[in-house]
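Quick one: the structure is below, questions incoming.
Every read-out reported here was derived from the displayed coordinates using simple, explicitly stated rules and does not represent laboratory data. Just so you know, these numbers come straight off a predicted model, no measurement behind them. Backbone-built Cβ (ideal geometry, glycine too); neighbour counts: all protein chains shown.
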Amino acid sequence: PFDLVVYKDNQFKRIQVKYRELNTNGVLNVRFRSSYSTASGVQTRFINKDEIDVYCVYCPQTDTCYYFEPNLFEKSISLRVKIPKNNQKQNILFADDYREVP
């Protein structure tokens, strides 16, 4: 269920790595699920957050990895890379705040 293991602050952390591109609004959307095709159609399975300590999301447009603990969020997370057109800053998760392994 995880791709890497890191050792930080005297603890091992299980990391799931994903590749996501920015949407047209400059947002990186990450859903905690996987989809795959079978003979009976497309299947969707939510990840087991107890098996992963950290998500690492690589964004090719910024050439940067962003890290967060999936247990702190419900079914998805949206990280904003570009500043909103209305300059809103409250209740927004800015991607730059997630550049370090927690």
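Per-residue HN-Hα couplings for region 14-20, Karplus 6.51 cos²θ - 1.76 cosθ + 1.60 at θ = phi - 60°, whole Hz, x for Gly and Pro?
Computed from phi, the couplings for region 14-20 are 8, 10, 9, 9, 10, 10, 9 Hz.
Once the other residues with Cβ under 15 Å from the Cβ of Thr24 are scored (Lys, Arg +1; Asp, Glu -1), what is the net sum?
Local net charge: +3.
May I ask you to list the trypsin sites (Lys or Arg not before Pro) in region 40-82 that are in a DSSP loop and have at most 11 other Cβ atoms within 10 Å of their Cβ?
Sites meeting the loop and neighbour criteria: Lys75.
Here is a follow-up. Would you please name the GluC sites (Glu not before Pro) within region 8-79 that are DSSP coil residues with at most 16 other C-beta atoms within 10 Å of their C-beta?
Glu21, Glu74
Which ³J(HN,Hα) values in Hz, rounded to whole numbers, follow from the phi angles of region 65-74 under the Karplus curve 6.51 cos²θ - 1.76 cosθ + 1.60, where θ = phi - 60° and Gly and Pro get x?
Residue by residue, region 65-74 yields 9, 10, 10, 7, 8, x, 5, 7, 10, 6 Hz.
Report the percentage of all Cα-Cα pairs in the chain whose separation exceeds 23 Å, rounded to a whole percent.
Beyond 23 Å sits 32 percent of the P(r) for the chain.
Determine ³J(HN,Hα), in whole Hz, for all residues of region 4-12 in sequence, where each value follows from phi through the Karplus function 6.51 cos²θ - 1.76 cosθ + 1.60 and θ = phi - 60°; x replaces Gly and Pro.
For region 4-12, the Karplus curve yields 9, 10, 10, 10, 9, 6, 6, 9, 8 Hz.
When the convex hull of the C-alpha atoms of region 35-84 is computed, what volume per residue in Å³ does it have?
Cα convex hull per residue, to the nearest whole number: 133 Å³.
Less than 13 Å Cβ to Cβ from Pro70, Lys/Arg counted +1 and Asp/Glu -1: what total charge do the surrounding residues give?
Net charge in that neighbourhood comes out at +2.
Given q = 0.17, 0.21, 0.24 Å⁻¹, what are the Debye log10 I(q)/I(0) values for region 1-43, with equal point scatterers placed on the Cα positions and solvent ignored?
Calculated log10 I(q)/I(0) at the listed q: -0.75, -0.88, -0.92.
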